[in-house]
Amino acid sequence: MHARPSGELEGTARGDEAQALLRNCVHCGFCLPACPTYRVTGNELDSPRGRIYLIKQLVEGGPVGATTRDHLDRCLTCRACERACPSGVEYGRLIDLGRELVDERMPRSPPQRALRFGLVELLSRPLVFGAMLRAGQAVRGLLPSGLRARIPARSSRGLLVPAGRHGRRVVLLDGCVQPGLAPGINSAAARVLDQVGIAVERVRGEQCCGALAHHLGATDRALAQARANVDACCAALDAGAEAIVSSASACGLMVKDYVRLLAGDGAYSARAKRVSQATRDLAEIVEPDDLRRAGRGGGSGPRVAWQSPCTLQHGQRVAGRIEALLEAAGCTLTPTSEATLCCGSAGTYSILQPALSGELRRRKIAALTGGGPDVIATANIGCLEHLRAESPVPVRHWIEIVADSIRRSRTN
Ligand code: SF4
Ligand code: SF4
């Protein structure tokens, strides 16, 4: 697609980048069936190709209106279209650019800005979020059912178990909302890693990965969080940690992307690259044979429906590993459909676009439960909480299911 940058983009690096990104799109439309929002609304402007046309108009200095903003806001940034595109269009970078241009030329209303600011401040500060969550949990039983479903019951699990001494050592990132919502996930991760001979440590000074702020247009905040995490993680790597590990696929993807986000920052680019290259999803550092040994070859786990988050399968391009790990831990995978369809969670999308998000969740749960699972497994706290609110079966992080299966097989 040919585009001629104009106005403030003409002759700039940003304009050149936009032109290069747009050039790869040949309008073929192969991405349309992969797009969750197009499948729900049937509107071309809610498809990747339609949004790319809107972004081209923005780059060429065309008019900006509420319609353009609405169609770009409705994108989940799931990146299923990137996987479907035969021309290698980097849609994720294009949508970031499109949203930036809209926000610059047509600032959001004060209530919209306040809502987005509040979401970043509330969700990316673990202490603030934890206090608000505990207050909500204390009155949960008195709330209307719709609101109650959004607040998980207080978890009795918690606290990272002390790890044994091992030759291998990794940093396990805490994340921002996960310690409050589901502290059992990282505890289970630490137990399993301990059993396979890997010690875990936390880093001092960790902040939210920045994904929330980035996707809500708070770019400076996201970059400040990324720099703080680069400082913290580099210190841990210097001290001998072999990897930076995240049990939340959205956070892991963001940290893997620091190399691009901080590429133009002379003080940070090299260290950001080092951190991104050392970052792994939890599934990338455990092997099926490790789990078979840890479970002493025994165990019969539950029937599990596997839900691969978009940030894992489309963003990090990690596929097939967690299914193998669940089977190695004695679980039976049940058949599912719509494996590449987004569940509708997508960070704060479920709050900002509740109708589309709810419809995608309904479709996803139907696709996951068709095989009669005991439990749905996922790899990202956002998907977990979003699905859990409406699922007829429990929804858990895969590492919790693996940890329980290993424990059962060792005690039988
Ligand atoms: S599949 Fe790729 S090249 Fe084809 S319309 Fe979609 S983004 Fe453009
Ligand atoms: S990122 Fe997802 S929702 Fe957005 S255009 Fe691509 S497939 Fe559609």
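Rule-based calculations on the coordinates, nothing more; no lab input. All figures in this text were calculated on a predicted structure; none of them were measured in a lab. Counting neighbours? That spans all protein chains shown, and the Cβs are built from the backbone with ideal geometry, glycine included.
Observations on the model:
- Here the 3J(HN,Hα) profile of segment 96-103, calculated from phi with Karplus coefficients 6.51, -1.76 and 1.60 at θ = phi - 60°, is 4, 5, x, 5, 4, 5, 5, 5 Hz, Gly and Pro shown as x.
- Site pair Ala66 and Thr340 shows an inter-label distance of 3.5 nm when each label is modelled 7 Å from Cα along Cα→Cβ.
- Sum of -39500 (n - 2.57) over DSSP H runs of 4+, divided by residues of the chain (222 nm, nearest 500): -14500 deg cm²/dmol
- The chain: angle of helix 269-278 to the longest principal axis, Cα-based, in degrees nearest 10: 40
- Acute angle (nearest 10 degrees) that the helix 398-411 long axis makes with the longest principal axis of the chain, alpha-carbon atoms: 10
- Fully extended contour minus Cα-Cα distance, from Ala239 to Ala13, at 0.36 nm per residue: 77.6 nm
- A simple charge model with +1 on the Cβ of Lys and Arg, -1 on the Cβ of Asp and Glu and nothing else charged puts the dipole of segment 360-412 at about 80 debye relative to its Cα centre.
- For segment 196-279, the Cα gyration tensor yields ellipsoid semi-axes of 21, 14, 11 Å (square root of five times each eigenvalue, largest first, whole Å).
- Summarising the label geometry, the points placed 7 Å from Cα in the beta-carbon direction at Glu201 and Ser145 lie 5.0 nm from one another.
- Shown in residue order for segment 130-142 are the 3J(HN,Hα) couplings computed by the Karplus curve 6.51 cos²θ - 1.76 cosθ + 1.60 at θ = phi - 60°: x, 5, 5, 5, 5, 5, x, 5, 5, 10, 3, x, 9 Hz (x for Gly and Pro).
- Amide H to amide H, with H built 1.01 Å from N, Val395 comes under 5 Å of Ile376, counting only residues 5 or more places away or on other chains.
- The label point for Arg296 and the one for Arg93, both projected 7 Å from the Cα toward the Cβ, are 5.3 nm apart.
- Label zone at Arg23 (point 7 Å along Cα-to-Cβ), backbone N below 11 Å, segment 39-61: none
- Charge context of Arg271, other residues only, Cβ under 15 angstrom, K/R +1, D/E -1: +1
- Using alpha-carbon coordinates, inclination of helix 184-195 to the longest axis of the chain, degrees: 60
- Here the Karplus curve 6.51 cos²θ - 1.76 cosθ + 1.60, taken at θ = phi - 60°, turns the phi angles of segment 7-23 into couplings of x, 5, 8, 4, x, 10, 4, 5, x, 4, 5, 4, 4, 5, 5, 6, 4 Hz, with x standing for Gly and Pro.
- Given +1 at the Cβ of Lys and Arg, -1 at the Cβ of Asp and Glu and no other charges, the dipole of the chain around its Cα centre is 960 debye to the nearest 20.
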